[in-house]
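This report concerns only the one structure given below.
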Amino acid sequence: MNPLRKNFNEYIQIMDNHDMYNESVINIDSCNFLTPTIIAPLISLMYNYNKKIKDHESPVVEDYFNRALGITKPKDTTLPFRFLDEATDNSEELTKEILNIIKPAKEETQALKYLFHEVISNVYDHSEFDNGFVIGQTYPNPNITDFSFMDNGISIPGSLKEFNIHFKNDCDAIIKAINGESTKTDPVGYVERGTGLNSVINIVTRGARGSVLIASGKGLIEITRNRIFSKEIPQDYIKGTLVNLRLHNNRKIDIYEHMGYVEYVL
């Protein structure tokens, strides 16, 4: 299975073949295998930029895309995209729905509840979005599951700018957010240190031996247990923030073992 960043690069290649600002139809025939990391930003294009996705030349790929969109009934290994309620935090309800669909092993349930709740709550706390969703896919071989969370908010760099938090570039902004530079305030205006995203990454990469990819603004960060990869991406290819989690299935994860703070450095 390709690393998340290689899957995301396929989305970048699709967009590089189009005029982002003047073409209304996106052709995805160059991609012969779709994953949540590719589909999530494509769905964002449809909803936020009013783009249409041309039917794929392969009926198999087109069928999967329609199942992922929920147009046709998905298989039990697919979590079709589900909206986040922009008016009310529905992270608890959405997490239950995700778990009902993917039916994880008992030893995974607590960790997944925590991960989903933290990622979705982070969207509500920081992004100022009006359109957000989640999509997922389990792959029996090599026994992993990918989840993509997408919102059309002000982006991580945009959020830090609002609070006058300095960063060198958009990749640095993402790292600062991961390390706890927060734009969340309590009722009296005190800026809280945000540790939820840091814990999510620790649990996924160290507990589940998985990986995390975050794209926001012009920044792309992928974190695994052993390395951090960063890359600048073109402006406007991502509206808001994309968070991708890859977990190895049926792995018992002690979330408390991995909730300690870890500083990530580019």
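The values are calculated or read from the model by the stated rules, or taken from the named source; none is laboratory data. The structure displayed is predicted, hence computed values, not measured ones. Note that we place each Cβ from the backbone using ideal geometry, even for glycine, and neighbour counts take in every protein chain shown. The protein model used for the area step is the full one, side chains on, heavy atoms only, and it has no ligands, DNA or RNA in it. Shrake-Rupley method; radii C 1.70, N 1.55, O 1.52, S 1.80 Å.
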Residue 99: passes all of (1) in contact (Cβ under 8 Å) with a residue 40 or more places away in the chain; (2) within 19 Å of residue 200 (Cα to Cα) but (1)
Residue 96: passes all of (1) crowded, with 19+ Cβ neighbours inside 10 Å; (2) more than 23 Å from residue 46 (Cβ to Cβ) but (1)
Which residues, counting only those in region 34-65, are closer than 20 Å to residue 138 by Cβ, assigned to a helix (DSSP H, G or I) and touching a residue at least 60 places away in the same chain (Cβ under 8 Å)? 36, 37, 39, 40, 43
Can you say whether residue 136 is closer than 11 Å to residue 240 by Cβ, at pLDDT 90 or above, under 15 Å from the mean Cα position of the chain (by Cα) and open to solvent by less than 30 Å² (accessible area, probe 1.4 Å), as far as the supplied structure shows? no
Kindly indicate whether residue 144 is more than 15 Å from the chain's Cα centre (by Cα) and of a type in the set (Val, Ile, Thr). yes
Mind checking which residues of region 231-252 are polar (S, T, N, Q) and at pLDDT 95 or above? 241, 244
Being over 20 Å from residue 150 (Cα atoms), modelled with pLDDT of 95 or more and surrounded by fewer than 21 Cβ atoms within 10 Å (Cβ to Cβ) narrows it down to one of 255, 228, so name that one. 228
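Inside region 214-235, can you point out the residues that are over 12 Å from residue 5 (Cβ atoms) and charged (D, E, K, R)?
Start the filter on region 214-235 by keeping residues that are over 12 Å from residue 5 (Cβ atoms), which leaves 216-219, 225-226, 232, 234-235.
Within region 214-235, 218, 225, 232 qualify.
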Out of (1) open to solvent by 50 Å² or more (accessible area, probe 1.4 Å); (2) on the phi < 0 side of the Ramachandran plot, the odd one out for residue 103 is which? (2)
Per the filter on region 106-130, residues of a type in the set (S, T, N, Q) and open to solvent by 60 Å² or more (accessible area, probe 1.4 Å) are 110
Of everything in region 44-85 that's open to solvent by less than 100 Å² (accessible area, probe 1.4 Å) and either among the aromatic types (Phe, Trp, Tyr) or in contact with a Cys (Cβ under 6 Å, 6 or more places away or on another chain) (or both), which residue is nearest to residue 151 (Cα to Cα)? 83
In region 105-132, which residues are of a type in the set (Asp, Glu), modelled with pLDDT of 85 or more and farther than 13 Å from residue 90 by Cα? 128, 130
Can you run down the residue pairs with Cβ atoms below 9 Å, 6 or more apart or on separate chains, where the first is in region 170-182 and closer than 12 Å to residue 157 by Cα and the partner is of a type in the set (Phe, Trp, Tyr) and open to solvent by 20 Å² or more (accessible area, probe 1.4 Å)? 173/167; 174/167; 175/167; 176/167; 181/163; 181/167; 182/163
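Step by step: first the residues of region 159-171, then only those that are under 25 Å from residue 42 (Cα atoms) and at pLDDT 95 or above, then the one that is most open to solvent (accessible area, probe 1.4 Å). Which residue is that? Even if it seems obvious, please write down each step before you answer.
Keep residues of region 159-171 that are under 25 Å from residue 42 (Cα atoms), which gives 159, 169-171.
From what's left, at pLDDT 95 or above: 169-171.
Details: 169: 75, 170: 30, 171: 14 Å².
So the residue we want is 169.
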Reported set for region 39-90 where residues are within 19 Å of residue 237 (Cα to Cα) and polar (S, T, N, Q) is 44, 48, 50
Can you name every residue in region 1-29 that is assigned to a loop (DSSP other than H, G, I, E, B), modelled with pLDDT of 95 or more and of a type in the set (Ser, Thr, Tyr)? 24
